[in-house]
Amino acid sequence: MLDSIIKYIVIATVAMSLGLLPAYIAFRNGRNMLLWWIYGTLLFPAAIVHALMLGRMSMGGCPYCRSIVDRNADYCKRCGYEFRSSE
């Protein structure tokens, strides 16, 4: 009985620790760390893939030289192409 309780405590501790990884990645991308920690603890494989894709979702491509640039950038750092303002 005590062995099974210890086993479940260890599994829960490992799951909560692993949940910190997608939470930290998402936090660096401006997301809520607590919600992502819960998501990462419950569904770690899906959460880590999702968190890694967050950074790529905020990037766009330069139409002139095809390099990857931030969607909020005013110009391409590689070729100097100026993006139109959407105002």
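Just so you know, all these numbers are worked out from the coordinates, no wet-lab data involved. Fair warning: this is a prediction, and the values are worked out from it, not measured in the lab. No Cβ is skipped: glycine too gets one built from the backbone with ideal geometry, and neighbour counts run over all protein chains shown.
How far apart, in nm, are the 7 Å Cα→Cβ label points at ALA12 and MET33?
Those two pseudo-labels are separated by 2.3 nm.
Which helices pass in the chain if a helix is a full DSSP H run, must span at least 24 angstrom along its long axis by Cα, and must have mean Kyte-Doolittle hydropathy not below -1.0?
Membrane-span-like by this criterion, though nothing is claimed about a membrane: 2-28.
Determine, at each q value in 0.14 (inverse angstroms), the log₁₀ of I(q)/I(0) that the Debye formula gives when each Cα of the chain is one equal point scatterer.
Evaluating at q = 0.14 Å⁻¹ gives log10 I(q)/I(0) of -0.63.
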